[in-house]
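> Below: one structure in structure tokens.
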Amino acid sequence: MGKKGIVLEGGGHRGIYSAGVLDVLYENNVIADGIIGVSAGAVHGASYASGQPGRSVRYTAKYCGDKRYMSMRSLFKTGDMFNVEFCYHEIPEKLDPYNFNALESSHTAFYVTCTDVQTGKPVYHLCRTLRGSEMKWMQASASMPLVSKIVEVDGHRMLDGGMADSIPEEAFEKMGYTKNIVILTQPAGYAKEKNTMLPLIRVALKKYPALVHDMETRHTCYNKELADVEQKAEKGELLLIRPSADLKVSRVEKDPAKIRALYNLGRQDAMTQLKAVKLFYHL
């Protein structure tokens, strides 16, 4: 049997659904060999890899309406709607400490997906630690275009991984993770539509034509990836978990009650599929 993997798409604060699923999996000893996340999926995958269930929903619900965490003021002042210092340093280092030691000794390999703005290609990075400049990889994965500055690390200039590979299941398979649980943040029947912000994107990112092309074709690529994972799920080649209801939580949701409700839906859906998960992983 191939290595057991978990694949997490993004979705901003909709990603708290994935945190609910992951917490139930961890609490029931469903431990993958590797986990790969995109954007918010990378952020919540990090808490799973460090064995910290409950952490993601705790700090997201607490700070989602805090201007230090996310605000237009931060965007105008720093170039990032999600304040980098607060999100990637103040919270994990002081306010709700991340267990860096646990990640470094974890049995679960933790990967993040970013988009190289110069090539338009996805970059899959194994984070053996999140100390120092390695935290920039997770920041880059979650740096949405137009509301985030380009992140530079290890010779790459990067933004949100979802632009180049929103559901990196095929890429994870090629790395040897062939028994994958894919956690989506949109309910069945969802299809991505063409980005209405394309005129602005073409102007703002005109120095990066490959990236602009990614954004112009993202809806087509996403819908193809979605169809592929649905087809594999039907064949039993992967296990798919996604919201059983549409709770209308936005990417930049500021209502902690809505955050907790979506997290709880993730927990509920995970419990519903827990038996199937264990059978799939042969646990």
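The values are calculated or read from the model by the stated rules, or taken from the named source; none is laboratory data. In this text the structure is predicted, and so the values were computed from the model without any measurement. Heads up, the Cβs are rebuilt from the backbone with ideal geometry, glycines too, and the neighbour counts pull from every protein chain shown. The area values use the complete protein model at the heavy-atom level, side chains included, leaving out ligands, DNA and RNA. Shrake-Rupley method; radii C 1.70, N 1.55, O 1.52, S 1.80 Å.
> Could you provide, to the nearest whole Å², the per residue accessible area of segment 146-225 with probe 1.4 Å? It would help to have the intermediate numbers written out before the result.
Numbers: 3880 Å² over 80 residues.
It amounts to 48 Å² per residue over segment 146-225.
> Another one. Excluding ARG58 itself, what net charge comes from residues whose Cβ is under 11 Å from its Cβ, given Lys and Arg +1 and Asp and Glu -1? Numbers along the way, then the final one.
On the way: positive: ARG55, LYS62, ARG260; negative: ASP23, ASP96.
After counting each charged neighbour, the total is +1.
> Just want the answer: with Cβ charges of +1 for Lys and Arg and -1 for Asp and Glu, which residue in LEU159, VAL123, VAL147 is farthest toward the dipole's positive end in segment 62-211?
Of the candidates, VAL147 comes out farthest on the positive side.
> Separate question: Run down the lysines and flag those whose C-alpha is under 29 Å from the C-alpha of LYS67, throwing out any fewer than 8 positions away in its chain.
LYS77, LYS94, LYS136, LYS149, LYS248, LYS254, LYS258
> Further question on the same structure: Relative contact order, percent, of the chain when contacts are C-alpha pairs under 8 Å separated by at least 6 residues?
Working: 556 pairs, mean separation 77.7, N = 283.
It comes to 27 percent, rounded to a whole number.
> To the nearest 20 debye, what charge dipole does the chain have about its Cα centre, counting +1 at the Cβ of each Lys and Arg and -1 at the Cβ of each Asp and Glu? If you can, show how the numbers build up before the last one.
Values: 37 positive and 32 negative charges, 111 e Å.
The dipole of the chain has a size of about 540 debye.
> Continuing with this model, one more query. Among ALA261, ALA102, GLN273, which residue has its Cα furthest toward the positive end of the charge dipole of the chain, with +1 on Lys/Arg Cβ and -1 on Asp/Glu Cβ?
ALA261
> Using a 1.4 Å probe on the protein chains only, how many percent of the accessible area of segment 1-144 belongs to carbon and sulfur?
Values: 2630 of 5300 Å².
Carbon and sulfur: 50 percent of the exposed surface of segment 1-144.
> What is the log10 of I(q)/I(0) for the chain, computed with the Debye formula using one identical point scatterer on each Cα and no solvent, at q = 0.10, 0.11 Å⁻¹?
-0.46, -0.57
> Further question on the same structure: What is the set of long-range amide H partners of ASN180 at a cut-off below 5 Å, with H atoms built 1.01 Å from backbone N?
Here GLY5, LEU239 satisfy the definition.
> Taking the Cβ of SER141 as the centre, find all other residues whose Cβ is under 15 Å away and add up their charges (Lys, Arg: +1; Asp, Glu: -1).
Details: positive: LYS121, LYS136, LYS149, ARG157, ARG251; negative: GLU9, ASP80, ASP116, GLU134, GLU152, ASP154, ASP160, ASP165, ASP214.
Once all neighbours under 15 Å are counted, the net charge is -4.
> Moving on. Specify the longest stretch of the chain that does not include any exposed loop site, a site being one of the trypsin sites (Lys or Arg not before Pro) with a non-H, G, I, E, B DSSP assignment and at most 10 other Cβ atoms within 10 Å.
Details: sites that count: LYS206, LYS207, LYS248.
So the longest stretch without any such site is 1-205.
> Can you give the calculated 222 nm mean residue ellipticity of the chain, where each DSSP H run of n ≥ 4 adds -39,500 (n - 2.57) and the sum is split over every residue, rounded to the nearest 500 deg cm²/dmol? Mind showing how you got there, number by number?
Values: 10 runs with 115 residues, N = 283.
Theoretical 222 nm ellipticity from helices: -12500 deg cm²/dmol.
> Calculate the dipole size of segment 1-150 relative to its Cα centre from +1 charges on Lys and Arg beta carbons and -1 charges on Asp and Glu beta carbons; express the result in debye to the nearest 20.
Details: 16 positive and 13 negative charges, 57 e Å.
Using only the charged Cβ atoms, the result is roughly 280 debye.
> For segment 173-223 and segment 41-116, what is the separation of their Cα centres, given in Å?
22
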